[in-house]
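Below you'll find the structure, written out as structure tokens, and then a few comments.
Just so it is clear, none of the values below were taken in a lab; they were calculated from the coordinates. From a predicted model like this one, the values you see are computed outputs, not experimental measurements. Positions of Cβ are generated from backbone atoms using ideal geometry, with glycine treated the same way; all protein chains shown enter the neighbour counts.
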Amino acid sequence: MITELAQLLINGVLAGTQLAVPAIGFTTIYAVLRYLNFAVASHATIGAYAGFVANVWWGWPAPLALLAAFVVAGAFGLLTDELALRRLRPAGPLTVAIASVALTIVLENMVRFAFGNDLRGYDLPVLRDWHFGGLRVGPQQLENAAAALLAMAVLFLFLAFTRTGKMMRAVADNPMLAGLKGINAEVVARLASFVGMGLAGFGGMLIGLDTSIDPLTGFRVLLSVFAAAVVGGLGSIPGAVIGAFVIGIGEEMSVVILDPTYRTAVGFLAILLVLSFRPRGILGERAY
Amino acid sequence: MSIRTTRRATLLGGLALPFAGRLAQAADAPIRLGSLSPLTGAGGSYGPSMVKVVHAVADAVNAAGGVAGRKIEIIGADTETNPDSAVRAARKLIDVDKVCAVIGTWASAVTTAVAPLCWENKVMLFTVSGADSITQLPHKGFIIRTQPNTHLQGLRAGEFMAAHGAKRVFTLAAQTPFAVDGYKVLGEALAAHGAAAVGQVIYDQSKTSFRSEVDEALKAKPDWLYLNSYQPDLAVLLRELYRAGYEGKKFTYGYAANAKLLASVPANVSEGLVSFQPSPDVDSPAYAAVKAILGHEPDPYSCQVYDHVSLAALALAKAGATGVDGQAIHDHVRDIGGPDGETVNSAVDGLKLLAAGKAVNYEGASGPCEFTASGDIKGCKFRFDVIEKGKQRMLEIS
């Protein structure tokens, strides 16, 4: 029983690190632009396919392909925000959120149109897991976790130490005050879209590396990503990381008492509990 | 009193014109059949060829003069292998296009969702889904399926595994209407041959990782795994099993272990996977016809829809001009599949015989088309394959 719990904990932590990347993307966009951009789902898919093109068609190694996933998904995020969502912003956050749902369906089907509905795998060997003391962990999972941690570290450094990063935090904290200081809110908004969707794409490819990809890759994890962001506190980047671990571990641990079929319910349950007892999430939205 | 031509009256009149034309044409308007197959989703690898075959049969029938002097028109729609989408598509086919039959629903959850719409509107439903529960619905005879039911399939799966040395079989099943039934039948079949079903995990297909599920399965120390999956989740499961170091045997359905699966996982991951599927009648001229339409060896579902359209056309022809609707297919489709009458292997040949007033015994690409009152096929052969070095090799047809 102890071994089993330990195994589930490991699985959960590894799932959580993967989930954290798109969750940070989602929450970053919320922090700066103040709306829920559900198009993270399709951008995760776009990232996964960009990585696929780079890795399988062009033969790039996985780390470079991950970078391509980030850049392409980020560029799409920028573009779709400019073309579709930006004009709706004056109509209020709810309108934009609903439009983002529509946008994600459109983009998902564009991917389907371009690549078909087939399942695709990256050009990576499937490796046997490492076993130790009755526990097992996959080399690919560890690589993914390392990549996710690296991406998070880079983001933290960017936000903490660069001028642009500080600008983003300033706008997220108080747009009006930031405007008075001469920070161009539009530029920061575009940057947030790029970084947020780029991270979604990065996360999408990470998920694909461990399994395989199809046009629904991003949509499948949307609920978990959303739950992670809400649980941690919408708009808070450390919150998204903590939320991702809570959801990741929660989903895996739930199989002890629940049938795996109901694992998806964990996300909903977590949202329900957190919103009932701590409506601003574990960390609250103003924590950076 | 003068008749005033107002703008409103002109508009209404204008709108009514096309309908007047349509009413006048009704007697020789085409007979509409709905093709409702999965063009996307887990069944997306089968839908396109199924639709192609449906159109080809309709074209052949039309070229030979149609049914009761009317052409057959195929209206297509995509189920997306998703019950919600399938119901929307079926509503459109039934309410707007007024089809008299819906052909080729794939995946039991989809068929179960669409079925009530069909029987309530007296539209015949031809399906390739296998769940027992489908023909147990109160469908009043409006469902016919060419796919053997879960009971028959589970029985054969259990017999095969037991015959090949299985002692402890664990089942990993996608959440489908036949997961529970299938496990029960499998257990009975195994028990009858001195083996045992040692547990089942039903998993959520929409998840991208099944590590915990695989851990739970391997805890039971099975020597065979029965993977009651669809292709996308099977690809993920096989990878997880390989990573976990599982060395036992694996058994699954033919619709999951298809060419797309082979393309999506490395050869060492799929090695040794045994699959089975209802075997089409590969020696039949109808099978050759389907092969000619597609230009390659057909899958069982393309063969089955070939028979669906043929059966629908023949049943309508048998009903004659008296009524061209779902009720007519319902009333006559069981007379078409024999056993009495002259054996034919295509709709066109059957139509000629019916025109000459003879009885017809249609035997199609999927095999004999004799149905029980509840709509199940009476008998069926199965084909077993094994994957070796990334290629499928046939083990046996029995």
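What to note about this one:
- At 1.306 mPa s and 10 °C, Stokes D of region A:111-166 from Kirkwood alpha-carbon radius, µm² per second: 106
- Which listed pairs, of B:167/B:219; B:122/B:184; B:249/B:381; B:318/B:378, have C-alpha distances above 26 Å, in listed order: B:122/B:184
- For B:206, B:129, order by how many other beta-carbon atoms lie within 10 Å, fewest first: B:206, B:129
- Residue with peak Gaussian network fluctuation, chain B [Cα springs, cutoff 10 Å], from B:323, B:154, B:141: B:323
- Residues B:45, A:42, sorted so that the one with the fewest Cβ neighbours within 10 Å comes first: B:45, A:42
- Projected onto their three principal axes, the Cα atoms of chain B cover extents of 91, 53, 38 Å, largest first.
- Between the helical axis of B:7-25 and the longest alpha-carbon principal axis of chain B there is an angle of about 70 degrees.
- For A:117-129, mean number of other protein chain Cβ atoms within 10 Å: 6
- Per-residue ellipticity at 222 nm, computed for chain A from helices alone with -39500 (n - 2.57) per DSSP H run of at least four residues, works out to -23500 deg cm²/dmol.
- Listed by Cβ neighbour count within 10 Å, with the fewest neighbours leading, B:151, A:43, B:296, B:164 appear as B:296, B:164, B:151, A:43.
- Dividing the Cα radius of gyration of region A:173-244 by its Kirkwood radius returns 1.09 for Rg/Rh.
- Helix-only arithmetic for chain B: the sum of -39500 (n - 2.57) across DSSP H runs with n ≥ 4, divided by the residue total, places the mean residue ellipticity at 222 nm at -13000 deg cm²/dmol.
- Cα long-axis angle, helix A:163-173 against chain A (0 to 90 degrees, to the nearest 10): 80
- Computed from Cα positions, the angle between helix A:62-80 and the longest principal axis of chain A comes to roughly 40 degrees.
- 3J(HN,Hα) couplings calculated from phi for region B:324-330 with the Karplus curve 6.51 cos²θ - 1.76 cosθ + 1.60 (θ = phi - 60°) are, in sequence order, 10, 7, x, 4, 5, 5, 3 Hz; Gly and Pro show x.
- Pairs of Cα atoms nearer than 8 Å and 6+ residues apart set the relative contact order; for chain B it is 16 percent.
- Low-density loop cleavage sites - trypsin sites (Lys or Arg not before Pro) in region B:301-374, where at most 12 other Cβ are within 10 Å (DSSP): B:358
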